[in-house]
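Note sheet for the following structure.
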Amino acid sequence: MKLRHYLFVIILFWGCKEKLPVIEKFGETSYRLVDQNNKEVIFPDFVKDKIVIMNYIFTNCPDICPLSTNNMRLIQERLKKEKIDNVQFISLSFDPEFDTPEVLRKFAGIRNLDLSNWTFLTGDKSTTNSVIKQVGVLAVPSDSTVFKNGRKIYYYVHTDRIQLIDPEGRIRKNYKGSTINVDEIVSDIKKLQ
Amino acid sequence: MKRRLLIIIVIIFTFNLATPTQQQKSNNSDIQIQKAWARPAAKYTNSAFYFVLENNSSKTDTLLGAETKISEEAEIHESYKKDDDRMGMRPAGKIAIKPKSKFEFKPGGFHVMLLGVEKDLHIGDKIEVVLRLKYAGKIKAQAEVRDIPMTK
C-alpha cells in the first residue's frame, strides 16, 4: 500500500513537470555576426551546449527595448543568486546600420551590464534579417524623427520578445520582453537543465 | 539726481529679475511634476524622460512640448501595442491633463523622448527638462538617471 502511494506521488510529480515544446530549431543553420567588441562570432555555434536567453533590440528605441534589456539583467541577477550557470544572454540588433559594435558596447556600458555571460550582436542587415525571420521576430521601420541637421532616425514596430533556447539550439519558449515574469522564465530554465 | 536715477534703475533691474520665471513657475501649486526620472543613454543616442504630471487646478491644462539642453530634441512620444506581440512608438502631439487629475508618463506608454543626448547619461546623473504647458507655462523638472522607475 505504501509503495503504491509513493508511486502515485512520483507519477504525479512527473506529470506536473511540464515539458516545453520545440518552437523552432537552428539545426545546421548558422549566421556570421559580430559582437560588441567587433569580434566575429558564428551564431548559434558559439553558444553550443548552453541555455540561451535572447532578446531583439534597436538602440534608438528609448522605451520598450531598454525595458526588455533591463528584464534580461534581472534574469541574469536572479540566476547568479540561484547559482544557475551555463546560461548565455544574447541581445541581437535588428538595426545594424545604426547599431555598430561600438554603439552596442556603449549601450551596454552605460547601463553597467555584466557582459561576462552576455553578448550583443550585430552584422550585415541581410544576416540580421535572416536571423529574426528564422526566430519569428518582425521589425519594420515606421515613424521617424528628422533632426535640425537633417539626420533622420527611424522607429521600428517590432516584436517585443525574449526567447529561451535550449543547449541543442532549439527555441523552446517565447516571452513578452518588456513585461516578462522572471519567476516563470527561471522555472523554465530549470526544466532545461 | 544722477545717483537717484541710478538707484531707480538698479531697483527696476532687480525687480525684473524677480518677476515670474521658470523657477517660480515650477513652484506653481496648480501643476506638480512628481517621480521624474530618465533612462541612461550614451552620447548621440536617445533617452526617455518619465514623470507624473498632476493638475490641481479646476481647468484642463495641456502639455504642449518639452525642451532641454541635454539633447538635440525633446518630443512627446507614445509606445503602443501594434498587436499581441508587436510594439511601436510614435510622436504623441499634445497631451490634455484633466482638472484634479494625474497623468503618468511611464515605461511602455507616454514619455518625453530625449533625442540625441549631448553627453553620456550615467545612472545617478541629474538632468533638467522644461515642460511647456498651455496655462501653467514653463515648468522645470529635475530628473535622476535610473534603470528602474522612481517609486516615491
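The values are calculated or read from the model by the stated rules, or taken from the named source; none is laboratory data. Everything numeric in this text was worked out from a predicted model, so none of it was measured. Cβ placement follows ideal geometry from the backbone for every residue including glycine, while neighbour counts extend to all protein chains displayed. These accessible areas exclude ligands, DNA and RNA; they are computed on the full protein's heavy atoms, side chains included. Shrake-Rupley method; radii C 1.70, N 1.55, O 1.52, S 1.80 Å.
When Cβ neighbours within 10 Å are restricted to other protein chains, what is their mean count per residue of peptide B:43-54?
Counting other chains' Cβ atoms within 10 Å and averaging over B:43-54 gives 3.
Using mean Cβ contacts within 10 Å as the protection proxy, how do B:45-53, B:129-137 order, highest first?
B:45-53, B:129-137
Length gain on complete extension for the stretch A:Glu24 to A:Asn112, per 0.36 nm per residue less the alpha carbon to alpha carbon distance?
Here the answer is 28.5 nm.
Would you work out the charge dipole size for chain A about its Cα centre, treating the Cβ of every Lys and Arg as +1 and the Cβ of every Asp and Glu as -1, and quote it to the nearest 20 debye?
Dipole size: approximately 540 debye.
Let me confirm one metric for peptide B:108-119, namely the mean number of other chain beta-carbon atoms within 10 Å of its residues' beta-carbons.
If you average over the peptide's residues, the count of other-chain Cβ atoms is 3.
With +1 on each Lys and Arg Cβ and -1 on each Asp and Glu Cβ, how big is the dipole of segment B:31-145 about its Cα centre, in debye rounded to the nearest 20?
For this selection, approximately 460 debye.
I need the trypsin sites (Lys or Arg not before Pro) found in segment A:135-186, filtered to DSSP loop residues with at most 10 other beta carbons within 10 Å of theirs.
Passing both the DSSP loop test and the Cβ count: A:Lys148.
What whole-number distance in Å separates the alpha-carbon centres of segment B:62-77 and segment A:128-189?
Cα centroid to Cα centroid, the span is 27 Å.
Please give the contour-minus-distance gain from A:Val140 to A:Asp124: 0.36 nm per residue of separation, less the Cα-Cα distance, rounded to one decimal in nm.
Residue separation times 0.36 nm, minus the Cα-Cα distance, leaves 4.1 nm.
Only loop residues by DSSP count here, and only those with at most 16 other Cβ atoms within 10 Å; note down the chymotrypsin sites (Phe, Trp or Tyr not before Pro) in segment A:57-120 that meet that.
Sites meeting the loop and neighbour criteria: A:Phe98.
Under 10 Å, Cα contacts only: if you run a Gaussian network model on chain A, which one of A:Asn86, A:Asn149, A:Asn60 comes out with the highest mean-square fluctuation?
A:Asn149
Compute, for the protein assembly as shown, the length of the dipole vector about the Cα centre, with Cβ point charges of +1 (Lys, Arg) and -1 (Asp, Glu) only. Units Debye, rounded to 20.
Dipole size: approximately 1240 debye.
For peptide A:109-119, compute the average count of partner chain beta-carbon atoms within 10 Å of each residue's beta-carbon.
3
Which residues in segment B:55-83 place their backbone N less than 12 Å from a point set 7 Å from the Cα of B:Ala96 along the Cα-to-Cβ direction?
Answer for this model: B:60-63.
So what are the three principal axis dimensions of the protein assembly as shown from its Cα atoms, in whole Å, longest to shortest?
Here the spans come out as 109, 54, 34 Å, largest first.
Just list whichever of A:Lys152/B:Lys119; B:Lys43/B:Lys69; B:Lys102/B:Lys140; B:Lys81/B:Lys119 have alpha carbons separated by over 21 Å in the model shown.
B:Lys81/B:Lys119
Summing +1 for each Lys or Arg and -1 for each Asp or Glu, what net charge is found among the other residues whose Cβ lies under 15 Å from the Cβ of B:Pro99?
+2
Can you give the calculated 222 nm mean residue ellipticity of the protein assembly as shown, where each DSSP H run of n ≥ 4 adds -39,500 (n - 2.57) and the sum is split over every residue, rounded to the nearest 500 deg cm²/dmol?
Value at 222 nm, helices only, nearest 500: -8000 deg cm²/dmol.
So how tilted is helix A:125-135 from the main axis of chain A? Cα-based, degrees 0 to 90, rounded to 10.
20 degrees
Kindly express, to the nearest 10 degrees and within the range 0 to 90, the angle between helix A:2-16's C-alpha long axis and the longest C-alpha principal axis of chain A.
With rounding to tens, the tilt is 10 degrees.
Could you do me a favour and compute the accessible area per residue for the protein assembly as shown, 1.4 Å probe, result in Å²?
On a per-residue basis, the protein assembly as shown sits at 53 Å².
Taking 8 Å as the Cα distance limit and 6 or more residues as the minimum spacing, I'd like the relative contact order of segment A:37-193 as a percentage.
Computed value for segment A:37-193: 31 percent relative contact order.
Where both residues lie in segment B:31-145, what percent of DSSP beta bridges are antiparallel, nearest 5?
95 percent
Across all directions of projection, what mean area in square nanometres is found for the Cα convex hull of segment B:28-152?
7.7 nm²
Got a number for carbon plus sulfur as a percent of segment A:67-182's accessible area, 1.4 Å probe?
Ligands and nucleic acids excluded, carbon and sulfur give 49 percent.
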